[in-house]
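Note sheet for the following structure.
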Amino acid sequence: MKVLCVCGLGQGTSLILRMNVENVLSAMGVSADVEHTDVSTASGTAADYIITSHELAQSLEGHSARIIVVNNYFDNDEIKQKLGEAL
């Protein structure tokens, strides 16, 4: 399973999200290839899931990946809830 964590520039925020997603998935016992990137690159990258904000999710409509919207990239409880619903 491939997961993309997406922010506007693909630098700081998506890296923090990636680390939190990796921690949550590990705690759930789920193995995944998790990467962080910017929204433009994500639109052309194959993935099973994309985790991003509501604003950026609109830019990724039409992507074959399932889009998971997270409001707070720092809230592991929210990330766990959203991933649990999606998986």
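A few points about this structure:
- Taken over the Cα atoms of the chain, the convex hull encloses 76 Å³ per residue.
- Computed over the chain, the per-residue total of -39500 (n - 2.57) for DSSP H runs of n ≥ 4 gives a 222 nm mean residue ellipticity of -13000 deg cm²/dmol, rounded to 500.
- Relative to the longest principal axis of the Cα atoms of the chain, the long axis of helix 76-86 lies at roughly 70 degrees.
- Considering only 61, 22, 35, the Gaussian network model of the chain with Cα springs below 10 Å gives its largest mean-square fluctuation to 61.
- Accessible surface, per residue, of the chain when the full set of protein chains is kept, probe 1.4 Å, Å²: 53 Å²
- Residues with amide H under 5 Å from that of residue 5, placed H, sequence gap 5 or more: 35, 36, 37, 51
The values are calculated or read from the model by the stated rules, or taken from the named source; none is laboratory data. Not measured: the values here are computed from a predicted model. Heads up: the accessible areas ignore ligands, DNA and RNA and are worked out on the full protein's heavy atoms, side chains in. Shrake-Rupley method; radii C 1.70, N 1.55, O 1.52, S 1.80 Å.
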